[in-house]
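Colleague: Once you've had a glance at the structure underneath, I'll fire off some questions.
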Amino acid sequence: MNKEIIRSERFGEQYSLIHHPSGLDVLVWKMDNYSTTEAMFATKYGSINTCFKTAKTGDFIEVPEGIAHYLEHKLFENEDTDVFDLYAATGASGNAFTTFHETAYTFSTARNWDKALEILLDFVQKPYFTQENVDKEQGIIAQEIKMGEDSPYRSCYFNLLKALYKEHPVKIDIAGTVESIAKITPELLYDCYYTFYNLHNMVLSIAGNVDEDKVIEICDKLLKPAEDLKLECRFPEEGHGVAQKRITGKFPVGLPLFDIGFKSKPCGGIELEKRACIAKTILQLVAGTSSPLYQQMFEDGLINSQFGYSTFNAVDSYFACIISGESKDPDEVYRRIIAELDRVQREGFDKENFEILKKSRYGSMVRTLGSVEGIADSMTESYFNGTTVFDEAEVLAEMTIEDCMAAVSELFNEENSAISIIEPAKE
């Protein structure tokens with residue numbers, strides 16, 4: 001076993017990266033004077049990982065959409081105990097989630113963190129799938145999928161992804177479809193579990209009032225050594241352009257909803273950190289609440305307080321910028337955003353606003369370092385990206401207004417954009 005110390009001179013903070021003999025990397029951030037602990041046991045396995053190979057499979061194989069989310073549900077169900085009851089007995093609160101690119105199992109507690117950690121490591125390493133419990137879960141998840149289809153906001157979002165992406169599986173709902181989950185069997189679940197829940201593909205992040213030696217002791221006791229399977233996932237090439245420029249749906253909503261997306265080439269590591277930082281900055285300068293565009297659209301009654309934006313990315317897989325909201329005329333909002341991006345490329349950004357925004361973003365990073373949950377999540381995300389928690393601050397410090405100007409045409413190319421609209425259904 002060997003250990004690295006990840007330090008930041010800028011923040012005066014550090015955390016440990018422990019390479020455990022089992023194959024798992026363990027991240028520990030001891031936070032003195034904090035009463036709570038947050039842990040996250042995560043695998044780099046999400047809904048997009050439907051085509052993969054290992055040293056054992058040889059060729060690439062494909063599995064049904066939605067199987068990562070299905071697996072997350074089933075791991076909480078083992079042969080003789082209820083995991084949530086075990087957590088409750090220690091005073092901990094457990095949870096889990098599946099995204100496009102990862103699955104994570106978490107707990108938060110103010111006491112008995114060591115007992116909660118034993119529960120976490122134990123149940124995630126004990127899959128239990130039978131035909132009976134798989135069949136039972138299909139009905140539950142099918143109902144969850146149908147409920148998602150009844151959400152206008154979710155439909156608007158996934159319609160946008162279908163418009164932006166021609167081939168990439170990110171356009172499929174994380175839960176899959178009723179048809180795809182019907183193909184899931186216990187055998188497929190075990191195959192995917194032993195492929196993606198291999199410790200070489202996972203990370204344990206724990207932050208708060210913890211003792212590092214005790215964490216290692218528990219890992220020594222419970223982690224089952226794993227063989228590195230040389231896992232490789234494959235994604236289709238997207239190329240330039242989008243599947244369709246405009247997509248609509250109808251729901252009983254008061255105002256039309258919209259999601260506007262701009263996709264660009266995927267990347268990873270520190271390059272992804274830089275691109276995400278620049279993209280967020282451009283979005284705030286162009287469409288933030290203090291921007292001229294936002295203020296004018298608000299005064300014109302085109303947008304309301306629901307207007308917002310985000311970046312959407314995964315390592316070496318996909319990258320997009322999304323602007324969302326409600327509007328009486330979404331197409332006019334889209335037109336004005338495109339016009340503002342064109343103006344920015346001609347005239348540039350305001351230097352003073354850029355510097356104010358950098359300081360504000362730095363303040364947000366400092367606040368995140370005061371959150372046990374935020375640190376555990378940041379350690380996991382940065383680990384899977386091949387960076388550290390502190391790299392974002394360094395990237396932000398080095399970012400210039402010229403960097404943002406140079407990136408506008410690539411990150412916000414109109415040809416790589418699309419709009420999704422949910423229109424009010426007529427009664």
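The values are calculated or read from the model by the stated rules, or taken from the named source; none is laboratory data. Treat the numbers as computed from the prediction; the structure is a model and nothing was measured. Cβ coordinates were reconstructed from backbone atoms using ideal geometry, including for glycine residues, and neighbour counts include every protein chain displayed. These accessible areas exclude ligands, DNA and RNA; they are computed on the full protein's heavy atoms, side chains included. Shrake-Rupley method; radii C 1.70, N 1.55, O 1.52, S 1.80 Å.
Colleague: Say we join alpha carbon atoms closer than 10 Å with springs in a Gaussian network model of the chain; which of PRO225, PRO169, PRO64 then has the biggest fluctuation?
Modeller: Most flexible of the set in this elastic network: PRO225.
Colleague: Okay, moving on. Of ILE337, SER305, ILE323, which is farthest on the positive side of the dipole of the chain, counting Cα position, with +1 on Lys and Arg Cβ, -1 on Asp and Glu Cβ, and the Cα centre as origin?
Modeller: Result: ILE337, furthest along the dipole toward the positive end.
Colleague: Assuming 1.306 mPa s and 10 °C, estimate D for the range 271-335 with Stokes-Einstein, Rh taken as the Kirkwood radius over Cα pairs, in µm²/s. Could you put the intermediate results ahead of the total?
Modeller: On the way: Rh = 12.7 Å.
Taking Rh from Cα pairs, D becomes 125 µm²/s.
Colleague: Moving on to the next point. Run the helix sum for the chain: -39,500 (n - 2.57) per DSSP H stretch of 4+ residues, divided by residue count, reported at 222 nm to the nearest 500 deg cm²/dmol. Intermediate values should be presented prior to the final figure.
Modeller: Values: 15 runs with 183 residues, N = 427.
Counting only the DSSP helices, I get -13500 deg cm²/dmol.
Colleague: Taking square-rooted eigenvalues a ≥ b ≥ c of the alpha carbon gyration tensor, is the range 325-427 rounded, prolate or oblate, where a/c under 1.5 means rounded and, failing that, a/b exceeding b/c means prolate? Intermediate values should be presented prior to the final figure.
Modeller: Details: a/c = 2.23, a/b = 1.41, b/c = 1.58.
Oblate.
Colleague: What translational D, rounded to a whole number of µm²/s, comes out for the range 213-276 from Stokes-Einstein when the hydrodynamic radius is the Kirkwood one over Cα pairs, at 20 °C and 1.002 mPa s? Could you put the intermediate results ahead of the total?
Modeller: On the way: Rh = 18.2 Å.
Estimated diffusion coefficient is 118 µm²/s.
Colleague: Continuing with this model, one more query. Evaluate the relative contact order of the range 87-164 (contact order divided by residue number), counting alpha-carbon pairs under 8 angstrom at least 6 apart; express in whole percent.
Modeller: Relative CO of the range 87-164 lands at 19 percent.
Colleague: Roughly speaking, what is the centre-to-centre gap between the range 28-46 and the range 231-303 when only Cα atoms are used, to the nearest Å?
Modeller: 30 Å
Colleague: Under 16 Å Cα to Cα from LYS358, which lysines show up? Leave out anything in the same chain fewer than 8 places away.
Modeller: LYS274, LYS280
Colleague: While we're on this one: Run the 1.4 Å probe and let me know the accessible area of ILE270, rounded to the nearest 10 Å².
Modeller: Surface open to solvent at ILE270 totals about 80 Å².
Colleague: For the range 160-183 and the range 315-375, write down the distance between their C-alpha centroids in whole Å.
Modeller: Distance between centres, Cα-based: 27 Å.
Colleague: Right, another one. For PHE60 and ARG234 in the same chain, what is the full-extension length gain: residue separation times 0.36 nm, less their Cα-Cα distance, in nm? Write out the running numbers ahead of the final one.
Modeller: Details: separation 174, 0.36 × 174 = 62.64 nm, distance 0.80 nm.
That works out to 61.8 nm of additional length.
Colleague: Given the range 2-141, report the % of alpha carbon pairs whose separation exceeds 20 Å. Numbers along the way, then the final one.
Modeller: On the way: 5813 of 9730 pairs.
For the range 2-141, the share of Cα pairs beyond 20 Å comes to 60 percent.
Colleague: Going by amide H atoms built from the backbone, whose H comes under 5 Å of the H on LYS250, apart from near neighbours?
Modeller: Close amide H contacts, sequence-distant or interchain: GLU423.
Colleague: Using the Cα gyration tensor of the range 60-111, with a ≥ b ≥ c the square roots of its eigenvalues, what is the shape: rounded (a/c below 1.5), prolate (a/b larger than b/c) or oblate (neither)?
Modeller: oblate
Colleague: While we're here: How much length is gained if the chain between GLN244 and ASN304 is pulled fully straight, taking 0.36 nm per residue apart and subtracting their Cα-Cα distance, in nm to one decimal? Can you show the working numbers first?
Modeller: Working: separation 60, 0.36 × 60 = 21.60 nm, distance 2.67 nm.
So the extension gain works out to 18.9 nm.
Colleague: Counting only the heavy atoms of the protein chains, how much of CYS267 is accessible to a 1.4 Å probe, in Å² to the nearest 10?
Modeller: Counting only protein heavy atoms, CYS267 exposes about 10 Å² to solvent.
Colleague: Answer with one residue from LEU283, GLY386, LEU222: the one whose Cα lies farthest towards the positive end of the charge dipole of the chain, charges on Cβ with Lys, Arg +1 and Asp, Glu -1.
Modeller: The Cα lying farthest towards the positive end belongs to LEU283.
Colleague: Taking a threshold of 20 Å on the Cα-Cα distance, which of the pairs LYS263/LYS351; LYS115/LYS221; LYS115/LYS136; LYS183/LYS224; LYS53/LYS136; LYS53/LYS74 fall above it? Before the final figure, lay out the partial values.
Modeller: On the way: LYS263/LYS351 26 Å; LYS115/LYS221 12 Å; LYS115/LYS136 31 Å; LYS183/LYS224 30 Å; LYS53/LYS136 29 Å; LYS53/LYS74 23 Å.
Table pairs above 20 Å Cα-Cα are LYS263/LYS351; LYS115/LYS136; LYS183/LYS224; LYS53/LYS136; LYS53/LYS74.
Colleague: Taking the Cα-to-Cβ direction at GLU187 and at LYS265 and moving 7 Å from each Cα, how far apart do the two end points lie in nm?
Modeller: So the label points at GLU187 and LYS265 sit 4.2 nm apart.
Colleague: Per residue, how much accessible surface does the chain expose to a 1.4 Å probe? Answer in Å², no decimals.
Modeller: Working: 19450 Å² over 427 residues.
Solvent-accessible surface per residue comes out at 46 Å².
Colleague: Could you give P(r) for the range 148-227, binned at 10 Å from zero, as whole percent values over all Cα-Cα pairs?
Modeller: In whole percents, the pair-distance histogram is 13, 26, 24, 23, 13.
Colleague: Normalised by the number of residues in the chain, what is the relative contact order in percent for Cα pairs under 8 Å and 6+ residues apart? Walk me through the numbers on the way to the answer.
Modeller: Numbers: 787 pairs, mean separation 92.9, N = 427.
Relative contact order comes out at 22 percent.
Colleague: Would you kindly derive the ³J(HN,Hα) couplings of the range 230-241 from the backbone phi angles with the Karplus curve 6.51 cos²θ - 1.76 cosθ + 1.60 (θ = phi - 60°), listing them in order in whole Hz, with x for Gly and Pro?
Modeller: For the range 230-241, the Karplus curve yields 6, 5, 9, 9, 10, 10, x, 6, 8, x, 7, x Hz.
Colleague: ALA397 to ILE338: FRET efficiency via 1/(1 + (r/R0)^6), r the Cβ-Cβ distance, R0 35 Å, to the nearest 0.05? Write out the running numbers ahead of the final one.
Modeller: On the way: r = 31 Å, r/R0 = 0.89.
About 0.65, to the nearest 0.05.
Colleague: Which net charge results for the neighbourhood of TYR165, defined as the other residues with beta-carbon distances under 9 angstrom from its beta-carbon, given Lys and Arg at +1 and Asp and Glu at -1?
Modeller: Working: positive: LYS162, LYS166, LYS171, LYS263; negative: GLU167, GLU238.
Around TYR165, the surrounding residues sum to +2.
Colleague: Each residue of the range 83-97 in turn: what ³J(HN,Hα) in whole Hz from Karplus with 6.51, -1.76, 1.60 and θ = phi - 60°, glycine and Pro shown as x?
Modeller: Residue by residue, the range 83-97 yields 4, 5, 5, 5, 4, 4, 5, 9, x, 9, 10, x, 7, 7, 7 Hz.
Colleague: On to the next question. Residues with beta-carbon under 14 Å from that of ASP135, excluding ASP135: net charge, scoring Lys, Arg +1 and Asp, Glu -1?
Modeller: Numbers: positive: LYS74, LYS136, LYS183; negative: GLU77, GLU132, GLU137, GLU187.
With Lys, Arg at +1 and Asp, Glu at -1, the net is -1.
Colleague: Compute the label zone of SER290 within the range 404-418: residues whose backbone N is under 20 Å from the point 7 Å along Cα-to-Cβ.
Modeller: Counting only backbone N, you get 404-405.
Colleague: Classify the chain from the C-alpha gyration tensor, please: rounded if a/c falls under 1.5, else prolate or oblate depending on whether a/b exceeds b/c. Mind showing how you got there, number by number?
Modeller: On the way: a/c = 1.84, a/b = 1.32, b/c = 1.40.
Since a/c reaches 1.5 but b/c is at least a/b, the shape of the chain is classed as oblate.
Colleague: On the accessible surface of the range 273-374, probed at 1.4 Å, how many percent belong to carbon and sulfur atoms?
Modeller: Values: 2180 of 4770 Å².
Carbon-and-sulfur percentage of accessible area, whole number: 46.
Colleague: If you wrap the range 107-202's Cα atoms in a convex hull and average its projection over all directions, what's the area in nm²? Show your work: numbers first, answer last.
Modeller: Values: hull surface 35.8 nm².
Averaged projected hull area, Cα only: 8.9 nm².
Colleague: What's the magnitude of the charge dipole for the chain around its Cα centre, counting Lys and Arg as +1 and Asp and Glu as -1 at the beta-carbon? Answer in Debye, nearest 20. Could you put the intermediate results ahead of the total?
Modeller: Working: 42 positive and 70 negative charges, 128 e Å.
Taking the Cα centre of the chain as origin, the dipole is about 620 debye.
Colleague: Could you work out how much longer the chain between CYS51 and LYS328 gets when fully extended? Use 0.36 nm per residue separation minus the Cα distance between them, nm to one decimal. Please report the intermediate quantities before stating the final value.
Modeller: On the way: separation 277, 0.36 × 277 = 99.72 nm, distance 4.12 nm.
Roughly 95.6 nm would be gained on extension.
Colleague: Using a Gaussian network model on the chain with a 10 Å cutoff between Cα atoms, which of LYS221, LYS263, LYS358 fluctuates the most?
Modeller: LYS221
Colleague: Out of the total accessible area of the range 108-207 (probe 1.4 Å, heavy atoms of protein only), what percent is carbon and sulfur? Write out the running numbers ahead of the final one.
Modeller: Numbers: 2160 of 4260 Å².
So the carbon and sulfur contribution to the accessible surface is 51 percent.
Colleague: How far apart, in nanometres, would the label points at LYS136 and GLU9 be if each is projected 7 angstrom from Cα along the Cα-to-Cβ direction?
Modeller: So the label points at LYS136 and GLU9 sit 5.8 nm apart.
Colleague: With a cut-off of 8 Å between alpha carbons and a minimum separation of six or more residues, what is the relative contact order of the range 75-225 in percent? Don't skip to the end; give the middle numbers.
Modeller: Details: 115 pairs, mean separation 35.2, N = 151.
Computed value for the range 75-225: 23 percent relative contact order.
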